[in-house]
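Some notes on the structure that comes next.
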């Protein structure tokens, strides 16, 4: 039996060849040696180059894009695991065409992102950033001009109600907030009642919520979902939080709304153009908290994602469908089954 070889994108490793993070689940692969081997790409590229996938059966992807060109020499590739839950950088149709199973680490990020969102809600409400600057600049007497607000008696609005949003609702129990409002076309009334949330239209969420938190994927339907009209419906005291994808929110009208005080503030972990390698215009504003698409990055998060992605690759190698599989139909394709016969893990 040939060795099952797994490639890992180079952004997971330092220049010394060691993982950048304490635990990314590699112990699960170590346990399967010598049947399984793994190694990082020699170089990091924004898009996986065709030759990088040649001869391997599995791949763990953090940030690079996966395109049809990336897969053009991946004749023996069985499975591609996205290190996270967003998959807008992965051409799923191209994976299916190339007989490659693609999956995300569904559920592994829920607690970390929900906890980070909760922390930002409190930080926004209590004007943490601006009060910190008052002390740093010696402007103590200005504190009376920056009164905050509590979560108590406020309304949370959710755009998307998947695992992260549900974890956030659970964490917020005990803070005395009102019933959460949810816009999610895929949420049925039975599930909404079970979660204790109210399903409603996007206009209602934007108009009535005090904290609006985005937890939907970036798709053709959600790209630019929050624009000038949606922002105009928000209360002047309301906050917008985005830990999902930058393309969901139109940045020009958001910047204008924040700068003019049309809305209370925002917390942004993602942007229309990433990476941000020069000072961003949102950094000029005191009512905005920013993070480089990593606000939820914790040791626990990378451990949970790492174990989920490594376990998922091993599951596919054994002929089983992993959680978070994006193209389950690939398992029925003769080309996939032929590769599986050649490289199946026992």
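The values are calculated or read from the model by the stated rules, or taken from the named source; none is laboratory data. For clarity, every value in this text was computed on a predicted model and none was experimentally measured. Backbone-built Cβ (ideal geometry, glycine too); neighbour counts: all protein chains shown.
In the set 65, 33, which member is within 20 Å of residue 307 (Cα to Cα) and either surrounded by fewer than 16 Cβ atoms within 10 Å (Cβ to Cβ) or in contact with a strand residue (DSSP E or B) (Cβ under 6 Å, 6 or more places away or on another chain) (or both)? Give the derivation first.
Values: 65 fails: within 20 Å of residue 307 (Cα to Cα).
Only one candidate passes the filter, namely 33.
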(message) Given the condition assigned by TED's automatic domain parsing to the domain that holds residue 336, under 12 Å from residue 6 (Cβ atoms) and in a loop (DSSP other than H, G, I, E, B), answer yes or no: does some residue in region 59-75 qualify?
(response) no
(message) Looking at (1) buried (at least 19 other Cβ atoms within 10 Å of the Cβ); (2) outside any helix (DSSP H, G or I), which one does residue 107 not meet, given that it meets all the others?
(response) (1)
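One line per residue, one yes/no per condition, for (1) surrounded by fewer than 16 Cβ atoms within 10 Å (Cβ to Cβ); (2) within 21 Å of residue 163 (Cα to Cα):
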residue: 235; (1), (2): no, no
residue: 242; (1), (2): no, yes
residue: 245; (1), (2): no, yes
residue: 261; (1), (2): yes, no
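Results for (1) in contact (Cβ under 8 Å) with a residue 24 or more places away in the chain; (2) surrounded by 22 or more Cβ atoms within 10 Å (Cβ to Cβ), shown as yes or no for each residue.
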site	(1), (2)
159	yes, yes
170	yes, no
176	yes, no
181	yes, yes
190	no, no
206	yes, yes
222	yes, no
(request) Can you confirm whether region 37-60 contains a residue that is buried (at least 18 other Cβ atoms within 10 Å of the Cβ), under 22 Å from the mean Cα position of the chain (by Cα), within 23 Å of residue 332 (Cβ to Cβ) and at pLDDT 95 or above? (result) yes
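For the structure I just gave you, tell me whether residue 134 is free of Cβ contacts under 8 Å to residues at least 40 places away in the same chain, in the same structural domain as residue 252 (by TED's automatic domain parsing) and either closer than 21 Å to residue 290 by Cβ or in contact with a helix residue (DSSP H, G or I) (Cβ under 7 Å, 6 or more places away or on another chain) (or both). Even if it seems obvious, please write down each step before you answer.
Numbers: free of Cβ contacts under 8 Å to residues at least 40 places away in the same chain: yes; in the same structural domain as residue 252 (by TED's automatic domain parsing): yes; either closer than 21 Å to residue 290 by Cβ or in contact with a helix residue (DSSP H, G or I) (Cβ under 7 Å, 6 or more places away or on another chain) (or both): yes.
The answer is yes for residue 134.
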(message) Which condition from (1) touching a strand residue (DSSP E or B) at 6+ places or on another chain (Cβ under 6 Å); (2) farther than 28 Å from residue 270 by Cβ is the one that residue 17 breaks?
(response) (1)
(request) Have a look at 56, 92, 85 and point out the one that is assigned by TED's automatic domain parsing to the domain that holds residue 302 and over 17 Å from residue 327 (Cα atoms). (result) 56
(message) So for region 185-194 (the condition being touching a helix residue (DSSP H, G or I) at 6+ places or on another chain (Cβ under 8 Å), assigned by TED's automatic domain parsing to the domain that holds residue 286 and either within 23 Å of residue 119 (Cβ to Cβ) or not in a strand (DSSP E or B) (or both)), does at least one residue qualify?
(response) no
(request) Spot the failing condition for residue 283; the list is (1) surrounded by 16 or more Cβ atoms within 10 Å (Cβ to Cβ); (2) touching a strand residue (DSSP E or B) at 6+ places or on another chain (Cβ under 7 Å); (3) in the same structural domain as residue 164 (by TED's automatic domain parsing), and only one is missed. (result) (1)
(message) Let me spell it out: the conditions are (1) without any contact (Cβ under 8 Å) to a residue 40 or more places away in the chain; (2) closer than 28 Å to residue 209 by Cβ; (3) touching a strand residue (DSSP E or B) at 6+ places or on another chain (Cβ under 8 Å), and residue 123 meets all of them except one. Which number is the exception?
(response) (1)
(request) Please specify each residue of region 95-104 satisfying the condition of being crowded, with 18+ Cβ neighbours inside 10 Å and over 23 Å from residue 272 (Cα atoms). (result) 95, 96, 98, 99, 100, 101, 102, 103
(request) Within region 46-65, track down each residue that is closer than 21 Å to residue 86 by Cα and touching a helix residue (DSSP H, G or I) at 6+ places or on another chain (Cβ under 8 Å). (result) 58, 59, 60, 62, 63, 64
(request) Filter region 11-30 for residues that are more than 15 Å from residue 303 (Cβ to Cβ) and either free of Cβ contacts under 8 Å to residues at least 12 places away in the same chain or crowded, with 20+ Cβ neighbours inside 10 Å (or both) and give the result. (result) 14, 15, 16, 18
